[in-house]
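Chemist: Got a structure for you, questions after.
Each reported figure results from applying straightforward, stated rules to the coordinates on display, with no laboratory input. Nothing here was measured: the structure is a model prediction, and the numbers come from that model. Positions of Cβ are backbone-derived with ideal geometry, glycine not excepted, and every protein chain shown enters the neighbour counts.
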Amino acid sequence: MNCGKCKTKAVISLPRHNAAFCKGCFTTFMHEQVARAIKSFKMFAPEDRILVAVSGGKDSLALWHILLTLGYRADALYVNLGIGAYSDESHRKVRHYADTVAAAHGAKLIVHVVEQEAGGGIRELATVLHRPTCSTCGTIKRYQFNRAAVEQDYDVMATGHNLDDEAARLLGNVLHWQDEYLEKQGPTLPASVEGFAKKVKPLCRLSEREIAAYAVVNRIDYIVEECPMAKGSKMILYKEVLNRLETESPGTKQRFYWGFLEKQNKPDVPKESMAEKDQRTLHPCQSCGQPTTADTCSYCKMMAKAKTATPR
Ligand code: AMP
Ligand code: FES
Ligand code: ZN
């Protein structure tokens with residue numbers, strides 16, 4: 001099998017694009033896909049300051065790498081969740097990338113350690129709050145991503161969500177007809193109100209397999225193991241189902257997700273825009289000042305409860 005562009009030996013075939021690439025042409029292809037997503041979803045401009053949420057996994061480290069290679073001003077934020085050996089290892093991977101490649105581009109790493117603020121890791125916190133670990137984790141991460149971006153004046157906050165993540169999330173939202181989530185599911189979420197950072201997903205055109213191959217080809221050292229708390233999650237099931245469909249019929253994931261985005265851009269009935277709705281429903285949290293629909297945001301409620309409750 002030869003590269004469709006330069007005819008040297010191919011290292012990867014991409015059935016959904018009916019293409020095969022050598023190392024160099026594959027890297028160029030990946031950079032072009034990210035550049036297309038940035039442009040078509042109006043994510044950011046060359047002069048913008050970007051904060052990338054980096055977990056130590058392949059997607060977010062590859063995203064940081066691609067943005068730096070394309071010449072963007074991209075710093076990163078790592079949230080240490082305090083999940084034993086998993087967090088130790090992911091923290092090491094992020095630190096290593098930051099100290100070697102990112103530092104050479106003049107980019108810095110910001111670290112938030114959950115244990116320092118909450119008095120325990122995410123599992124202990126979830127036990128105290130009687131809440132599932134993953135939803136506690138989601139609230140903390142969303143809050144810290146937004147706070148860091150707003151407080152440190154970044155123009156935009158980027159995550160490593162890829163095509164597989166977005167298609168699986170879409171499937172979940174459609175199966176349960178989660179209208180509100182469907183409305184907010186897109187590659188770009190505007191900074192609708194004061195205190196809300198703009199959020200983007202520049203890898204939304206790329207599959208998990210493509211990103212893993214990119215990380216290997218570009219010698220990015222990432223944590224291969226998934227978070228131990230994610231075992232048995234619905235997202236993993238939805239991804240498996242979509243992968244089965246993709247094997248039988250390449251391009252299914254892409255058609256499903258891109259078809260949704262096209263429909264989202266052409267609503268039959270004019271609706272109140274997301275920004276208008278946010279402006280109507282959100283106001284500053286009385287404790288921390290970040291936007292919320294309640295008097296006190298869910299993060300501050302969680303922290304207050306964690307401070308008074310004792311683990312069972
Ligand atoms: P996940 O929700 O684990 O699928 O992660 C989705 C995206 O959120 C990743 O691609 C990262 O951009 C970001 N992310 C996840 N975990 C962390 C973390 N501990 N610190 C910083 N960013 C994270
Ligand atoms: Fe949040 Fe696993 S990454 S619980
Ligand atoms: Zn708050």
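Chemist: At 222 nm, what helix-only mean residue ellipticity would the chain give, in deg cm²/dmol to the nearest 500, using -39500 (n - 2.57) for each DSSP H run of four or more?
Modeler: -15000 deg cm²/dmol
Chemist: Follow-up. Under a cut-off of 13 Å between alpha-carbon atoms, report the aspartates and glutamates in cross-link reach of residue 266, not counting same-chain residues fewer than 8 places apart.
Modeler: Reachable aspartates and glutamates: 183.
Chemist: For residue 253, list the aspartates and glutamates whose Cα falls under 16 Å from its own Cα; do not include residues on the same chain fewer than 8 positions away.
Modeler: The reachable aspartates and glutamates, counting only those whose Cα sits under 16 Å from residue 253, are 164, 165, 166, 208, 210, 240, 262.
Chemist: Taking θ = phi - 60°, what integer Hz values does the Karplus form 6.51 cos²θ - 1.76 cosθ + 1.60 yield along the stretch 9-26, in sequence order, with x for Gly and Pro?
Modeler: For the stretch 9-26, the Karplus-derived couplings read 5, 7, 10, 8, 10, 10, x, 5, 9, 6, 9, 9, 9, 7, 3, x, 5, 5 Hz, x marking Gly and Pro.
Chemist: While we're looking at this one, here's another question. For the stretch 134-182, would you read off the P(r) tail past 15 Å as a percentage of all alpha carbon pairs?
Modeler: 63
Chemist: Using a cut-off of under 14 Å, list every residue of the stretch 38-60 whose amide N is near the label point 7 Å from the Cα of residue 261 along the Cα-to-beta-carbon line.
Modeler: 38-44
Chemist: Taking the stretch 174-229, which trypsin sites (Lys or Arg not before Pro) meet the DSSP loop condition and have no more than 10 other C-beta atoms within 10 Å?
Modeler: 219
Chemist: Can you tell me how the stretch 1-89 classifies by the Cα gyration tensor, rounded, prolate or oblate, using a/c under 1.5 as the rounded cut?
Modeler: Since a/c reaches 1.5 but b/c is at least a/b, the shape of the stretch 1-89 is classed as oblate.
Chemist: On to the next question. Read phi for every residue in the stretch 57-67 and hand back ³J(HN,Hα) as whole Hz from Karplus 6.51 cos²θ - 1.76 cosθ + 1.60, θ = phi - 60°, with x for Gly and Pro.
Modeler: Using θ = phi - 60°, the values come out as x, 5, 5, 6, 5, 4, 4, 4, 4, 5, 5 Hz.
Chemist: Okay, moving on. For the stretch 60-190, what class follows from the C-alpha gyration tensor (a ≥ b ≥ c being the square roots of its eigenvalues): rounded when a/c is under 1.5, otherwise prolate if a/b is larger than b/c, else oblate? Walk me through the intermediate numbers first.
Modeler: Values: a/c = 1.84, a/b = 1.15, b/c = 1.61.
In terms of gyration-tensor shape, oblate.
Chemist: Within the stretch 116-211, which GluC sites (Glu not before Pro) sit in a loop by DSSP and count at most 13 neighbouring Cβ atoms inside 10 Å?
Modeler: On the way: sites: 117, 124, 151, 166, 180, 183, 194, 208, 210; in loops: 194.
Sites meeting the loop and neighbour criteria: 194.
Chemist: Right, here's the next one. For the stretch 146-208, what class follows from the C-alpha gyration tensor (a ≥ b ≥ c being the square roots of its eigenvalues): rounded when a/c is under 1.5, otherwise prolate if a/b is larger than b/c, else oblate?
Modeler: Judged from the Cα gyration tensor, the stretch 146-208 comes out oblate (a/c at least 1.5, b/c at or above a/b).
Chemist: How much of the DSSP beta bridge set in the chain is antiparallel, as a percent to the nearest 5?
Modeler: Of the beta bridges lying entirely in the chain, close to 35 percent run antiparallel.
Chemist: Given N residues in the chain, what is Rg(Cα) / (2.2 N^0.38 Å)?
Modeler: On the way: Rg = 19.9 Å, N = 312, 2.2 N^0.38 = 19.5 Å.
Against the compact-globule rule of thumb, the ratio is 1.02.
Chemist: Taking a 28 Å limit on the Cα-Cα distance, which of the listed pairs 9/58; 199/301; 39/93 fall beyond it?
Modeler: Working: 9/58 25 Å; 199/301 24 Å; 39/93 30 Å.
Cα-Cα > 28 Å for 39/93; rest within.
Chemist: Then there is this: When we measure straight from the Cα of residue 7, which lysines land under 26 angstrom away, once same-chain ones fewer than 8 places off are left out?
Modeler: In chain and number order, the partners are 23.
Chemist: Same structure again: Using the alpha-carbon centroid of each, what span in Å lies between the stretch 41-58 and the stretch 59-114?
Modeler: With the stretch 41-58 and the stretch 59-114 each reduced to a Cα centre, they are spaced 12 Å.
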